[in-house]
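Following: one structure in structure tokens, then a few remarks.
The values are calculated or read from the model by the stated rules, or taken from the named source; none is laboratory data. Just so it is clear, the structure is predicted and the values come from calculations on it, not from any experiment. No Cβ is skipped: glycine too gets one built from the backbone with ideal geometry, and neighbour counts run over all protein chains shown. In case anyone asks, the SASA skips ligands and DNA or RNA and just uses the protein heavy atoms, side chains included. Shrake-Rupley method; radii C 1.70, N 1.55, O 1.52, S 1.80 Å.
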Amino acid sequence: MTAVKLSIDYDAFEEGKRMETEIERLSSSPEAATLTSLTIGDWGQAYEQSSEVAVEALVKHKASFPALRKLFIGDMSYEECEISWINQTDLSPLLPAYPELQSLTAQGGTDLRLSQLQHDKLEELIIITGGLSKAVLADIAASRLPNLRKLELYLGVDNYGFDGGLEDILPLIEPGKFPKLTYLGLKNSEIQDEIAAALADAPILDQLDTLDMSLGTLSDEGAEAILASERVKGLKHINLSYHYMSDEMMDRLKNSGLPVDVSDQQDSADDDDWRYPSITE
């Protein structure tokens, strides 16, 4: 066995099933020693209960999962729990507990923190939210992740928890911050044009293979900054899918020679108030 997903639906939770018990049961199974990927889905009424019990159980039973390399906390559909309702916790204790971990994904931004984000071998960090707090952005900016290759952040909107601005994002792209980073995703944002303008001439582009600014409110304004950039020419892939660019701008990008994805055009709107990121609820 290499991958397992644990999940508790509403009825099972009402009947007394608990995630900490499921993790303990898995830890004592013969397959635990070879488990490489673990996904924690709904831990039971996640709109009221936080992921803290799951985190504590994973730390408690860390010795039972020596092969674990990939961990996803909060993988649930909107039928189980709307993304903005998922109650998370500080996931930091997982990092020293699993020193060989290579990938950490979290979905849901409510009460999420990564207050002690230090890990020598983590290669991938993905945070999926309808609104990511500036406190978590600060946690990531203060992190020590020397081996990080992929950083993917779904920034979201202020109505669902995004309480920051461009000034909270800029520290993530400072030169030397993540020396091995090759994939940067700053996506699903209501300030996608501002992010595009800031990234267009950022030195971090020189080390990247992929720049992902998909799923947000990117318009012609942000696209113009990308087209004017010399640094983007070194990228192998630019993901701008789900956007509010005009037909004319899409044609300019397609004819630019850049390796760009401009699929999933949304109805263009001159008023910012009528442009929405893809995942906001």
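Once amide H atoms are placed 1.01 Å from N in the peptide plane, what residues at a sequence separation of 5 or more from Asp90, or on another chain, have their amide H within under 5 Å of its amide H?
Under 5 Å from the amide H of Asp90 lie the amide H atoms of Arg113, each far enough along the sequence or on another chain.
Hydropathy at least 1.6 by Kyte-Doolittle, axial extent at least 20 angstrom from the Cα trace: which helices of the chain, defined as entire DSSP H runs, fit?
Qualifying helices: none.
Would any residue of the stretch 99-133 have its amide N under 15 Å from a label point 7 Å out along Cα→Cβ of Asp163? List them or say none.
Answer for the stretch 99-133: 109-114, 131-133.
Beyond 25 Å between alpha-carbons counts as too far, so tell me which of Lys5/Lys236; Lys17/Lys187; Lys5/Lys62; Lys150/Lys233 fall in that bin. Working shown, then result.
On the way: Lys5/Lys236 33 Å; Lys17/Lys187 36 Å; Lys5/Lys62 17 Å; Lys150/Lys233 20 Å.
As for pairs spanning more than 25 Å Cα to Cα, those are Lys5/Lys236; Lys17/Lys187.
Which value, in Å², gives the accessible area per residue of the chain when a 1.4 Å probe is used on the protein heavy atoms?
Values: 12310 Å² over 281 residues.
Normalised by residue count, the accessible surface of the chain is 44 Å².
State the extension gain, in nm to one decimal, for the chain segment bounded by Glu82 and Thr182, taking 0.36 nm per residue of separation less the distance between their alpha-carbons.
32.9 nm
If the chain between Ala67 and Ile126 were fully stretched, how many nm would it gain, using 0.36 nm times the residue separation less the Cα-Cα distance?
Length difference between fully extended and current span is 19.2 nm.
Got a number for carbon plus sulfur as a percent of the stretch 79-203's accessible area, 1.4 Å probe?
Values: 2130 of 4490 Å².
Carbon-and-sulfur percentage of accessible area, whole number: 47.
Within the stretch 89-133, find all residues whose amide N lies under 19 Å from a label point positioned 7 Å from the Cα of Tyr47 along Cα-to-beta-carbon.
Residues passing the 19 Å test: 89, 107-112, 129-131.
If packing is taken as the average count of other Cβ atoms within 10 Å, what order do 10-17, 125-132, 159-166 fall into, highest mean first?
Order by mean packing, descending: 125-132, 159-166, 10-17.
What is the magnitude of the charge dipole of the chain about its Cα centre, with +1 placed on the Cβ of each Lys and Arg, -1 on the Cβ of each Asp and Glu, and no other charges, expressed in debye to the nearest 20?
1740 debye
Kindly provide the helix-only [θ] at 222 nm of the chain, computed as the sum of -39,500 (n - 2.57) over DSSP H runs of four or more divided by all residues, to the nearest 500 deg cm²/dmol?
Mean residue ellipticity, 222 nm, calculated: -5500 deg cm²/dmol.
Given a cut-off of under 8 Å on Cα pairs at least six residues apart, what relative contact order in percent is computed for the chain?
Values: 668 pairs, mean separation 32.3, N = 281.
Computed over the chain, the figure is 11 percent.
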